[in-house]
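Contents: one structure, followed by commentary.
The values are calculated or read from the model by the stated rules, or taken from the named source; none is laboratory data. Because the structure is a prediction, the values reported are computed rather than measured. Methodologically, a virtual Cβ is constructed for each residue, glycine included, from the backbone with ideal geometry; neighbour enumeration extends over all protein chains shown. Each accessible area value is taken on the protein alone, full model and side chains, heavy atoms only, with ligands, DNA and RNA left out. Shrake-Rupley method; radii C 1.70, N 1.55, O 1.52, S 1.80 Å.
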Amino acid sequence: MKIKIKINDKVKVTAGKDKGKTGKVIQVMPQDDKVVVEGVNVMYKHIKSRKSGEKGQRVQFNGPINSSNVVVICPKCSKESRLGIRVTKSPADPKKVQRARFCKKCNEVID
Ligand SMILES: [Zn+2]
């Protein structure tokens, strides 16, 4: 399955521990079919201090989640939507095609 989510898309989580949360996509991993969403799947990494006697640091980061566990919220109609890909001929060169994402709810092109 080709991933249709892009960085900066607003998405809603539909499964897992963060179900119902919304956030902005900050990273897309197409090879793993995963996305990283701001504020979702918060994890902590402990970094040990190199100096002895000093406290280590706890660093917060967002773990990746499966792209199938999120739906994009359409920026045009604000509804949860599955996106489609519309292939159109380029007006400048009819031999070339353009691919644009569109909302299946309101039919607006999203890119
Ligand atoms: Zn829409």
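With contacts taken as Cα pairs under 8 Å and at least 6 residues apart, the range 1-52 reaches a relative contact order of 28 percent.
Rg and Dmax over the alpha-carbon atoms of the chain stand at 18.6, 69 Å. Under the combined filter of DSSP loop state and at most 15 neighbouring Cβ atoms within 10 Å, the range 40-111 retains these trypsin sites (Lys or Arg not before Pro): K48, R50, K51, K55, K76, K79, R82, K95, K96, K104, K105. How many percent of the accessible area of the chain is carbon or sulfur, using a 1.4 Å probe? Carbon plus sulfur share of accessible area: 48 percent. Solvent exposure of the chain, expressed per residue, is 73 Å² of accessible area, with all protein chains present and a 1.4 angstrom probe. Normalised by the number of residues in the chain, what is the relative contact order in percent for Cα pairs under 8 Å and 6+ residues apart? Reported relative contact order: 20 percent. In summary, the aspartates and glutamates within cross-link reach of K76, defined as a Cα separation below 13 angstrom excluding same-chain residues under 8 places away, comprise D9, E108, D111. Computed from backbone phi, the HN-Hα couplings of the range 4-21 come to 10, 8, 10, 4, 6, 5, 8, 10, 10, 7, 10, 8, x, 5, 9, 3, x, 6 Hz, rounded to whole numbers (Karplus: 6.51 cos²θ - 1.76 cosθ + 1.60, θ = phi - 60°; Gly and Pro given as x). Remark: the range 38-86 carries a charge dipole of roughly 180 debye about the Cα centre, counting +1 on each Lys and Arg Cβ and -1 on each Asp and Glu Cβ.
A simple rule links phi to the HN-Hα coupling: the Karplus curve 6.51 cos²θ - 1.76 cosθ + 1.60 with θ = phi - 60°, which for the range 51-62 gives 7, 6, x, 8, 6, x, 9, 10, 10, 8, 8, 9 Hz, with x for Gly and Pro.
Anything over 23 Å Cα to Cα? Flag those among K24/K104; K24/K89; K17/K48; K19/K79; K19/K55; K4/K34, in the order listed.
Numbers: K24/K104 20 Å; K24/K89 31 Å; K17/K48 28 Å; K19/K79 17 Å; K19/K55 34 Å; K4/K34 11 Å.
Those over the limit are K24/K89; K17/K48; K19/K55.
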